[in-house]
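Here the structure comes first, spelled out in structure tokens, and everything after it is commentary.
The values are calculated or read from the model by the stated rules, or taken from the named source; none is laboratory data. All values derive from a computational prediction rather than experimental measurement. Reconstructed Cβ throughout: ideal geometry from the backbone, glycine too, with neighbour counts over all protein chains shown. Each accessible area value is taken on the protein alone, full model and side chains, heavy atoms only, with ligands, DNA and RNA left out. Shrake-Rupley method; radii C 1.70, N 1.55, O 1.52, S 1.80 Å.
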Amino acid sequence: LTTVLAATCCGASPTAGIRVALAASHARWLVGAVAARAGLNRVMISPGRVYHRHFDPEGQDSLAKLARLVQPGSQVLDLGAGPGQLGAYLRSALNCVLDGVEAQPEAAAQAAIWYRQLECADLEQLDLAACFAGRRYDYILCADVLEHLRWPSVLLAQLPGLLAPGGRLLASVPNVAY
């Protein structure tokens, strides 16, 4: 479960037996050893995972709660767009103009149709001001993405300059106390 924060600011591959998502490439040898011990002959290692989530705009999950805070026709920057469930809703139901960033190429390819500009990039390496030069947003969304960053403060420090006057940062993070 997640906690939603609002702040105002100035599957397996058909060719593989198992798909293992790893963040650290040095662990590749460990996966091979574990797979061999388990009797698996094919293991596909992926640099990340595409998170397919069901999206119900009336639901009580973090995406639905964030979506209900966005006003129709808004300019939105979606950081960690995933395969585009939230972006699809914001564009089709609320007529928002969307830009975004997604690290996983497969997810970015699925989401691209809903975004004016969608960068496939690592949020920890991206200069957002240069990437989205001259643009200001009514909302910047960080839906269940900050907990995946080593230094979320570096990303967060870039955001005030991208907000339009009265713009809002909308973020959701896991609730470890639940």
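Let's see how each residue does on (1) modelled with pLDDT of 95 or more; (2) basic (Lys, Arg); (3) open to solvent by 40 Å² or more (accessible area, probe 1.4 Å):
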{"position": "Cys131", "(1), (2), (3)": "yes, no, no"}
{"position": "Arg136", "(1), (2), (3)": "yes, yes, yes"}
{"position": "Tyr139", "(1), (2), (3)": "yes, no, no"}
{"position": "Asp144", "(1), (2), (3)": "no, no, no"}
{"position": "Ser153", "(1), (2), (3)": "no, no, yes"}
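All but one of (1) over 11 Å from the mean Cα position of the chain (by Cα); (2) within 22 Å of His54 (Cβ to Cβ) hold for Pro83, so report the exception by its number.
Result: Pro83 passes all but (1).
Residue pairs, Cβ under 6 Å, 6 or more apart or interchain, first in the stretch 113-136 and acidic (Asp, Glu), second open to solvent by less than 40 Å² (accessible area, probe 1.4 Å) and at pLDDT 95 or above. List them.
Every condition considered, the pairs that remain are Glu119/Val101; Glu119/Cys131.
Would you check if Asp99 is at pLDDT below 95, open to solvent by less than 70 Å² (accessible area, probe 1.4 Å) and among the charged types (D, E, K, R)? Outline the logic, then answer.
Working: at pLDDT below 95: no; open to solvent by less than 70 Å² (accessible area, probe 1.4 Å): yes; among the charged types (D, E, K, R): yes.
So Asp99 fails the test.
Quick check on the stretch 136-145. Is at least one of its residues assigned to a loop (DSSP other than H, G, I, E, B) and either among the hydrophobic types (A, V, I, L, M, F, W, C) or farther than 20 Å from His54 by Cα (or both)? Before the answer, list the steps.
Taking the stretch 136-145 first, the residues assigned to a loop (DSSP other than H, G, I, E, B) are 136, 144-145.
Next, from what is left, pick out any that are either among the hydrophobic types (A, V, I, L, M, F, W, C) or farther than 20 Å from His54 by Cα (or both): 136, 145.
Scanning the stretch 136-145, I find at least one residue that is assigned to a loop (DSSP other than H, G, I, E, B) and either among the hydrophobic types (A, V, I, L, M, F, W, C) or farther than 20 Å from His54 by Cα (or both), so the answer is yes.
When you check Leu123 against the structure, is it part of a loop (DSSP other than H, G, I, E, B) and surrounded by 17 or more Cβ atoms within 10 Å (Cβ to Cβ), yes or no? Steps first, answer last, please.
On the way: part of a loop (DSSP other than H, G, I, E, B): yes; surrounded by 17 or more Cβ atoms within 10 Å (Cβ to Cβ): yes.
When the stated conditions are applied, Leu123 passes them.
Is one or more of the residues making up the stretch 111-118 in a helix (DSSP H, G or I) and surrounded by fewer than 21 Cβ atoms within 10 Å (Cβ to Cβ)?
Here is the first cut: in the stretch 111-118, the ones in a helix (DSSP H, G or I) are 111-114.
Applying the additional criterion that residues be surrounded by fewer than 21 Cβ atoms within 10 Å (Cβ to Cβ) yields 112-113.
So far as the stretch 111-118 goes, yes, one or more of its residues are in a helix (DSSP H, G or I) and surrounded by fewer than 21 Cβ atoms within 10 Å (Cβ to Cβ).
Would you check if Val76 is modelled with pLDDT of 95 or more, open to solvent by less than 10 Å² (accessible area, probe 1.4 Å), closer than 23 Å to Arg135 by Cα and within 11 Å of the chain's Cα centre (by Cα)? Walk me through how you get there before you give the answer.
On the way: modelled with pLDDT of 95 or more: yes; open to solvent by less than 10 Å² (accessible area, probe 1.4 Å): yes; closer than 23 Å to Arg135 by Cα: yes; within 11 Å of the chain's Cα centre (by Cα): no.
Here the answer is no, as Val76 does not meet what is asked.
Scan (1) assigned to a loop (DSSP other than H, G, I, E, B); (2) within 22 Å of Glu147 (Cα to Cα) for the single condition Asn95 breaks and write down its number.
So Asn95 meets the others, but not (2).
Within the stretch 159-178, can you find the residues that are assigned to a helix (DSSP H, G or I) and crowded, with 17+ Cβ neighbours inside 10 Å? Please lay out each step first, then the result.
Our first condition is that a residue be assigned to a helix (DSSP H, G or I); within the stretch 159-178, this holds for 160-162.
The answer is Leu162, and nothing else.
Does Arg116 fit the bill of being at pLDDT below 95 and among the charged types (D, E, K, R)? Break it down into steps so the answer makes sense when it comes.
Working: at pLDDT below 95: no; among the charged types (D, E, K, R): yes.
For Arg116, the condition - at pLDDT below 95 and among the charged types (D, E, K, R) - is not met.
Within the stretch 131-139, is there a residue that is closer than 21 Å to Gly84 by Cβ and aliphatic (A, V, I, L, M)?
So in the stretch 131-139, the residues closer than 21 Å to Gly84 by Cβ come out as 131-132, 135, 137-139.
Cutting the leftovers down to aliphatic (A, V, I, L, M) gives us none.
Looking for residues that are closer than 21 Å to Gly84 by Cβ and aliphatic (A, V, I, L, M), one finds none in the stretch 131-139, hence no.
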